[in-house]
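A quick write-up on the structure given underneath.
Read-outs throughout are calculated quantities, based only on the coordinates presented, and are distinct from any laboratory measurement. Source: prediction; values computed, not measured. Virtual Cβ from ideal backbone geometry, glycine too; neighbours counted across all protein chains shown.
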Amino acid sequence: LYGDAEIYDPRTGEFTPAGGALAVPRAFHQAIKLGGPNKKDGRVLILGGFTNESGSIKPSSRVEIYDPTTDRFEAVSAGLAGGGRALFTASLAYPDDGVILIVGGLADPGVVGGTWHLYKVGTGTIAAGPLMDSTDGKTGKIRYNHTMTYLDNYGFGGTSDGAPGYVLIGGENSAGTIGTTEAYLPEAGRFNVV
């Protein structure tokens with residue numbers, strides 16, 4: 001697990017060390033740049049991953065934020081709800097509001113890997129639900145090591161209704177590799193099989 005961080009400048013093609021180290025050394029986490037078209041931000045939210053918790057490496061619920069104006073990392077009190085996650089996906093769902101969609105993951109407890117959460121910076125989880133194939137309405141098929149792609153103009157059922165969405169593809173769980181694809185529409189607040 002590493003706690004160091006570097007900043008890449010595409011204009012020069014060079015990496016330079018960040019001014020501080022991560023508050024928590026981690027691996028297989030997500031880093032999301034905050035800000036949207038109407039609300040500039042520039043900070044980077046670092047979520048979950050494997051961390052060392054009392055001498056044991058396991059999925060973490062810890063969150064921290066990097067502020068480029070101070071060149072420092074700070075722990076955030078509102079961690080990931082439900083438990084730790086690693087090998088999950090995350091993306092800005094509502095950029096101007098600082099809301100991130102967090103999906104699946106190798107989790108502790110394991111059932112968290114069958115859920116999605118909307119995480120708001122400064123608040124924590126504001127909504128959650130199951131991935132597909134849910135039997136209890138709370139958790140669905142566990143999925144980690146998958147990909148998640150944002151589609152700007154996506155609609156369920158093959159129609160285009162102007163609503164943005166996300167598509168989850170592949171991944172794995174304890175049963176092996178996953179050959180299904182599922183889609184999420186933030187406006188509907190649910191996942192569907194594609």
| said: Past 21 Å, Cα to Cα: identify those pairs from LYS33/LYS120; LYS40/LYS120; LYS33/LYS141, in the order given. | reply: LYS33/LYS141
| said: If I model a spin label at LEU151 and ALA31 as a point 7 Å from the Cα along the Cα→Cβ vector, what separation in nanometres do I get? | reply: 3.0 nm
| query | Shape of the chain from its Cα gyration tensor (a ≥ b ≥ c, root eigenvalues): rounded if a/c is under 1.5, otherwise prolate when a/b > b/c, or oblate? | reply | oblate
| query | Around PHE15, with a cut-off of 12 angstrom between Cβ atoms, what is the net charge of the other residues, counting Lys and Arg +1 and Asp and Glu -1? | reply | -4
| field | Using a Förster distance of 30 Å, the FRET efficiency for ILE57-GLU6 (Cβ separation, nearest 0.05) | value | 0.85
| query | Per the Cauchy relation, a quarter of the hull surface: what is the mean projected area of the convex hull of the alpha carbons in the stretch 38-121, in nm²? | reply | 5.7 nm²
| In terms of the ratio Rg/(2.2 N^0.38 Å) built on C-alpha atoms, what value belongs to the stretch 49-94? | 1.31
| Once the piece of chain linking LYS120 and ASP41 is laid out straight, how much longer is it, given 0.36 nm per residue of separation minus the C-alpha distance between them? | 27.0 nm
